[in-house]
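**Q** First, the structure itself, so that you have it in front of you.
What follows draws every value from the coordinates through simple rules; no lab data is involved. The structure displayed is predicted, hence computed values, not measured ones. Virtual Cβ from ideal backbone geometry, glycine too; neighbours counted across all protein chains shown.
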Amino acid sequence: IARNVTFANRAIMNADVITDNEQAPAIKKTDVTWGMVKNVRPYHRFQGVQIKNKNVGIVGYGSIGRRVAKILEGFGAYILVYDPYISRVEIDCPSMRKVDFEELVAEADFISCHIKITPETRGLFNYDTFRKMKKSAYFVNNSRGAVVVEEDLVRALKERQIAGAALDVFEYEPLYKGHPFISGGLDNLLLTPHISGASPDAIVNGTVMLVDEIKRFINNEPLLYTK
């Protein structure tokens, strides 16, 4: 790469829409379906989970993780943050605290994952991790599929080591026909095809960010999106 080349990105162009989509599995563990309308009597099958006074673990406190934490704090949740690259000073709310990974896994009622793929994070969520979670806990991943050992998650869900999971990303996409996520008969798994960031608003946001960043570069002004 040539020297004196400036790189910028649009990493947060869809941060808000991803955050919005993130809330759905946490707010209600079951989608509203025709089955719910038709099967009125066994209401216990479709009970939701209260977020107020629950511990929500945020793994990765970047642009999306911060937004998720702020929104769920508004629901009355206690926020546990694991991110080795931030300081405790950045956790400036009484209902939030920075913890190590083991503490987050053990205490969280919901775990929301927002981390990049690195040698340290690949396979971070494996069977041992799921086994240490509360059996009533839910796991949500909108970051990168490879942070999860998929066969371990299937095993944990089948054994009810955790209450459920919601995934928008997978190690290899699209999922192949017959993948255990699809064919495994998992009634405690919610899947979406990597669309949490898909929104007309995100496209507009990205275009505006790009144009504004080019203007700043031309005018020798500090760039905002170089990290």
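**Q** Residues in segment 110-126: is at least one over 19 Å from VAL169 (Cα atoms) and surrounded by 18 or more Cβ atoms within 10 Å (Cβ to Cβ)?
**A** We begin by selecting, within segment 110-126, every residue over 19 Å from VAL169 (Cα atoms); these are none.
The answer is no, given that none of the residues of segment 110-126 is over 19 Å from VAL169 (Cα atoms) and surrounded by 18 or more Cβ atoms within 10 Å (Cβ to Cβ).
**Q** Which strands (runs of 3 or more DSSP E) does segment 60-142 wholly contain that include 3 or more residues that are within 21 Å of ILE162 (Cβ to Cβ) and either of a type outside the set (Asp, Glu) or within 13 Å of the chain's Cα centre (by Cα) (or both)? Step through it out loud before you land on a result.
**A** Numbers: elements: 78-82, 96-98, 110-113, 138-141.
In segment 60-142, the matching strands (runs of 3 or more DSSP E) lie at 78-82, 110-113, 138-141.
**Q** Let me ask you something else. Hey, among the residues in segment 171-227 that are of a type in the set (D, E, K, R) and surrounded by 12 or more Cβ atoms within 10 Å (Cβ to Cβ), which one's farthest from ARG160 (Cα to Cα)?
**A** Checking each candidate, the answer is ARG216.
**Q** Moving on. What single numbered condition from (1) assigned to a helix (DSSP H, G or I); (2) without any contact (Cβ under 8 Å) to a residue 24 or more places away in the chain fails to hold for LEU175?
**A** (1)
**Q** Same structure again: Return the residues of segment 68-114 that are basic (Lys, Arg) and either within 23 Å of LEU189 (Cα to Cα) or in contact with a strand residue (DSSP E or B) (Cβ under 7 Å, 6 or more places away or on another chain) (or both); say none if nothing qualifies.
**A** ARG88, ARG97, LYS98
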